[in-house]
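Inspection log for the structure reproduced underneath, given as structure tokens.
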Amino acid sequence: MAGHRRDWEALGEIDPLYAILSDPGARNGEWDVEAFLATGEADAARIMGACEALGVPVRREASFELGCGVGRITRALSPSFSRSVGVDISAPMIARAREMNADRPNCEWAVNDAPDLASFADGEFDLVVSFIVLQHVPDRAVISSYLREMARILAPGGALVVQMPASMPLRQRVQWRRRAYHGLRAARVPERTLYRRFGLDPIRMNWMARRDVEAAMRLGGADVIAVQDGWLGDGSQVGRETNLTYLATR
Ligand SMILES: C[S@@+](CC[C@H](N)C(=O)[O-])C[C@H]1O[C@@H](n2cnc3c(N)ncnc32)[C@H](O)[C@@H]1O
């Protein structure tokens with residue numbers, strides 16, 4: 001986890017908004033913050049809409065996001081809950097989340113660099129979400145652990161909403177930009193130089209078969225009640241992999 005954490009700390013320091021949403025033309029600090037936050041509002045509205053269609057969550061006390069980045073989605077969910085918690089592996093991302101969301105007093109931000117969510121209680125949250133996160137976690141055992149843990153901290157009648165690619169074409173698995181980044185890092189080239197001058201970054205893309213995602217959630221006590229294409233049925237893809245969003249409850 002240490003190398004993975006360092007990669008996201010570097011991205012959080014160098015170009016956090018682009019590391020979160022890689023919009024063409026927005027690299028090197030070019031994201032308009034209002035436009036960036038508007039994408040969070042749209043995603044949160046889609047999450048709440050998809051949940052409402054399934055009659056969950058039955059209560060709206062607390063929400064939780066794994067891999068919240070600068071809080072794009074948690075911020076937008078916070079008016080619907082008494083308490084909204086976002087955790088991330090990257091301290092610079094969390095520092096930026098605190099700064100950007102100082103106007104949202106019911107939001108709580110924390111660094112979590114463990115492969116579990118041990119600081120949170122069973123059934124603590126009515127809505128648990130994670131978007132564009134698990135695909136970047138290198139180790140599948142850790143991905144399974146997070147899926148189980150997100151199910152564990154979900155309240156009865158709550159909603160667990162997780163996006164994760166189910167497959168990836170062979171060509172895309174090569175990830176030469178990441179390999180070049182790590183090769184040059186081993187030769188002590190500074191992270192900023194690799195990112196800004198060579199246009200490289202350490203971002204990894206991983207995937208997990210649908211049956212394994214569902215099995216991990218079940219081990220944590222949640223059952224999948226719907227699976228949608230892309231980001232909640234919009235059919236969008238990251239590259240050419242099959243991207244799915246899972247909705248589960250307990
Ligand atoms: C592409 S960004 C998405 C941020 C946020 N989910 C959003 O959609 O705005 C991925 C985030 O996941 C975080 N992350 C990566 N691995 C993580 C882990 N093991 N635990 C928690 N956060 C993680 C990164 O630091 C980064 O902030």
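A few notes on this one:
- When the criteria are applied in full, Val70 meets the requirement of being surrounded by 22 or more Cβ atoms within 10 Å (Cβ to Cβ), touching a residue at least 24 places away in the same chain (Cβ under 8 Å) and β-branched (Val, Ile, Thr).
- Test: residue in region 179-187 that is under 20 Å from the mean Cα position of the chain (by Cα) and surrounded by 17 or more Cβ atoms within 10 Å (Cβ to Cβ): no
- Pairs where the first residue, in region 1-18, is more than 14 Å from Arg96 (Cβ to Cβ) and within 8 Å of the ligand (Cβ to nearest atom) and the second is assigned to a helix (DSSP H, G or I) and not aromatic (Phe, Trp, Tyr), C-beta under 9 Å, 6+ apart: Met1/Val142; His4/His136; His4/Val142; Arg5/Ala91
- Residue check, Val85 modelled with pLDDT of 95 or more and in a loop (DSSP other than H, G, I, E, B): no
- In the condition set (1) surrounded by fewer than 22 Cβ atoms within 10 Å (Cβ to Cβ); (2) more than 13 Å from the ligand (Cβ to nearest atom); (3) touching a residue at least 12 places away in the same chain (Cβ under 8 Å), Trp31 is compliant with all but (2).
- Residue match in region 50-62 (condition: surrounded by 21 or more Cβ atoms within 10 Å (Cβ to Cβ), within 10 Å of the ligand (Cβ to nearest atom) and either under 19 Å from the mean Cα position of the chain (by Cα) or of a type in the set (A, V, I, L, M, F, W, C) (or both)): no
- Number of positions in region 101-121 that are in contact with a Ser or Thr (Cβ under 9 Å, 6 or more places away or on another chain), under 27 Å from Glu34 (Cα atoms) and of a type in the set (D, E, K, R): 2
- Positions within region 119-143 being away from the ligand (no atom under 11 Å from the Cβ) and either without any contact (Cβ under 8 Å) to a residue 24 or more places away in the chain or within 22 Å of Gln163 (Cβ to Cβ) (or both), in sequence order: Ser119, Phe120, Glu124, Phe125, Asp126, Leu127, Val128, Arg140, Ala141
- Within region 105-117, considering residues that are within 14 Å of the ligand (Cβ to nearest atom) and out of contact with any helix residue (DSSP H, G or I) (no Cβ under 6 Å at 6 or more places or on another chain), the one nearest to Met1 (Cα to Cα): Ala114
- Residues considered: Ala102, Ala95, Ala44, Ala26. Of these, the only one that is more than 8 Å from the ligand (Cβ to nearest atom), assigned to a loop (DSSP other than H, G, I, E, B), surrounded by 15 or more Cβ atoms within 10 Å (Cβ to Cβ) and of a type in the set (Gly, Ala, Ser) is Ala26.
- When Gln175 is tested against (1) polar (S, T, N, Q); (2) loosely packed, with under 14 Cβ neighbours inside 10 Å; (3) over 30 Å from Arg59 (Cβ atoms), just one condition goes unmet, and that condition is (2).
- Looking at Ser82, Ser78, Ser63, just one residue is touching a residue at least 60 places away in the same chain (Cβ under 8 Å) and of a type in the set (Ser, Thr, Tyr), and that residue is Ser63.
- Residue within region 64-80 that is near the ligand (Cβ under 9 Å from one of its atoms), assigned to a helix (DSSP H, G or I) and not β-branched (Val, Ile, Thr) present: yes
- Those helices (runs of 4 or more DSSP H) lying entirely in region 113-204 with at least 2 residues modelled with pLDDT of 95 or more: 140-152
The values are calculated or read from the model by the stated rules, or taken from the named source; none is laboratory data. Because the structure is predicted, anything quoted here is derived from the model rather than measured. Using ideal geometry, Cβ is built from the backbone for each residue, glycine included, and neighbour counts are taken over all protein chains shown.
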